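The values are calculated or read from the model by the stated rules, or taken from the named source; none is laboratory data. It should be emphasised that the depicted structure is a prediction, and the values quoted were computed from it without experimental measurement. Cβ: placed from backbone, ideal geometry, glycine included. Neighbour counts: every protein chain shown. Keep in mind that these areas ignore ligands, DNA and RNA; they rest on the heavy atoms of the full protein, side chains included. Shrake-Rupley method; radii C 1.70, N 1.55, O 1.52, S 1.80 Å.
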Amino acid sequence: MEKISQQLDEIKVLILLSAKNVLTIDEVALLTDLSVSCLYKKTCSRQIPFYRSGKRIYFNRKEIEDWMMKCHTVANSGTVQDMVSGNTADKTQKGGEK
């Protein structure tokens, strides 16, 4: 019964988080799956957009989502069968030649 109660509490937190536009560092950690320590390092090095009010740090949800999506990577153009069998366009042939 306690496990269900804990799961309901987690769902409540996630629902409340989805409705907020201004986030705390703990909420950004939940959203990004990064540690609070990692987020502090990113704010110190100005790698992540944030706002400061006194000693508190806040984040704009839209800016964080945009930041998370900015490093777009294109998937390999090989087929699923090629990936499963290990045949890819980048595979190096014997002798080190491509």
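Per the conditions (1) open to solvent by less than 100 Å² (accessible area, probe 1.4 Å); (2) free of Cβ contacts under 8 Å to residues at least 24 places away in the same chain, the sole criterion not satisfied by Phe59 is (2).
For region 13-50, the set of residues classified as open to solvent by 70 Å² or more (accessible area, probe 1.4 Å), within 16 Å of the chain's Cα centre (by Cα) and among the polar types (S, T, N, Q) consists of Ser18, Gln47, listed by residue number.
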